[in-house]
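For reference, the structure discussed in these notes is given below.
The values are calculated or read from the model by the stated rules, or taken from the named source; none is laboratory data. Just so we're clear, the structure is a prediction, and the values are computed from it rather than from any experiment. All Cβ positions, glycine included, derive from the backbone under ideal geometry; neighbour counts span all protein chains shown.
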Amino acid sequence: MMAKMIHPVKLYAKLLIALTVGLAIPILLSCSRAAGTINETVNAVSVQDTVATPGKDTLKVIAVGDIMLGSAYPSPSGLPPRQGRDSFKNVASYLNGDIVFGNLEGSFLDSGKSTKCKDTLGNSCFAFRMPEAYASIYKEAGFNLLSLANNHVGDFGNKGRKRSMALLDSLEINYAGLTSHPYSIFEKDSVKYGFCAFAPNENTVSINQTDSAKALVSFLKKQVNIVIVSFHGGAEGAKFEHVPRTDEIFYKENRGNVYAFAHAVIDAGADLVLGHGPHVTRAVEVYKNKFIAYSLGNFCTYGQFSLKGPNGFAPLMDIRIKANGDFLYADVVSVKQDKLNGLTVDPLHTAFWKIATLTGQDFPGHGLSFKGQRIAPSSQ
């Protein structure tokens, strides 16, 4: 059973300032969620000595990309049949691991209009509001870790963000990525995890402030066995399948230099980096023995998402890492989506071969093998 251990609230800026300048001062960490109070209890400099050795040798992380199970806005016609209960039925057997991760695109909220829409009817608007009851679908499917750092978590303002967090708390699903909740620390099966998530969007922890990101990762690494980092970054669509080594500007927005960001957080102590945002599959990389997935694509996105061409294919990754975070291998279940059948397993393994091709093009000399739907170091 997974137990939440630390629930940060409002001290992200103070924490990062202290870590960036290297001050050995007490960090405000221990939070009482019910009362909203925080106690000065942990010294970030000495806490490394308290991290116990993991209780298992190999960890299994299931990772997928964007998930949005249908939006009741601007009308209930955007919701799937059977109240979304069949969303994951064709991949249910694969959603089983120590960590089951995805990116939550949108909020859980039963009512309200979005201020981002062009008119009062919500026409020409991509604003995602899943019914609150849908939160339990994620729990029942096996998800225990979600990123809230993306461009749709704020579609319904602070009301949507707060209600989503309350529901995830009630279901004991860990999450991070908002400036009000930049990270989570939790334990499962005697392994202590730290998770943080980044995006270029308002009220999310910025992907474009690399020094702050490194400080946060370093802070987490002092307290846990495994640090998982998620980012929502990069330009969107079939024209942007490749990983450039520069900032990606899309609709006049800087969506980050995902290559530099991923390397920077690993330098700071991250053990696994999981990317999403482009809505297409991108390459993977192993850097300093740590695995990076640059984009996990559209996993389960009912309704308004485009599923044309490469947007309709994505990987479900079964990633195995050592207790010290080093990469062992990743088995890829290729999935596909269409408007008629929803999410299904792809027998042609399109996403796997797309990853293999793009990795060869973007990272020549990558030192990985792609055989039998498995990604592994060539030396294995």
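Before moving on, here are some points about what is shown:
Table: residues versus (1) touching an Asp or Glu at 6+ places or on another chain (Cβ under 8 Å); (2) farther than 27 Å from ARG255 by Cα.
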{"position": "PHE305", "(1), (2)": "yes, no"}
{"position": "PRO315", "(1), (2)": "no, no"}
{"position": "VAL345", "(1), (2)": "no, yes"}
{"position": "THR350", "(1), (2)": "no, no"}
{"position": "THR357", "(1), (2)": "no, no"}
{"position": "LYS371", "(1), (2)": "no, yes"}
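- Any strands (runs of 3 or more DSSP E) falling wholly within region 268-329 and containing at least 3 residues that are of a type in the set (D, E, K, R) and surrounded by fewer than 24 Cβ atoms within 10 Å (Cβ to Cβ): 313-322
- Hits in region 345-361 (condition: free of Cβ contacts under 8 Å to residues at least 60 places away in the same chain, among the polar types (S, T, N, Q) and farther than 23 Å from ALA92 by Cα): THR357
- Flag if ASP331 is under 20 Å from the mean Cα position of the chain (by Cα) and over 27 Å from LEU79 (Cβ atoms): yes
- Across region 79-100, the qualifying residues are those that are among the hydrophobic types (A, V, I, L, M, F, W, C) and outside any strand (DSSP E or B), and the one among them that is surrounded by the fewest Cβ atoms within 10 Å (Cβ to Cβ) is ALA92.
- Among residues of region 238-252 that are on the phi < 0 side of the Ramachandran plot and without any contact (Cβ under 8 Å) to a residue 40 or more places away in the chain, those with a Cβ under 9 angstrom from a residue that is of a type in the set (Ser, Thr, Tyr) and surrounded by 13 or more Cβ atoms within 10 Å (Cβ to Cβ), sequence gap 6+ or separate chain, pair up as PRO244/TYR259; ARG245/TYR259; THR246/TYR259.
- Residue match in region 101-111 (condition: surrounded by 14 or more Cβ atoms within 10 Å (Cβ to Cβ), under 16 Å from the mean Cα position of the chain (by Cα), in contact (Cβ under 8 Å) with a residue 40 or more places away in the chain and part of a loop (DSSP other than H, G, I, E, B)): yes
- Some residue of region 44-62 being under 24 Å from ARG320 (Cα atoms) and either among the polar types (S, T, N, Q) or at pLDDT below 55 (or both): yes
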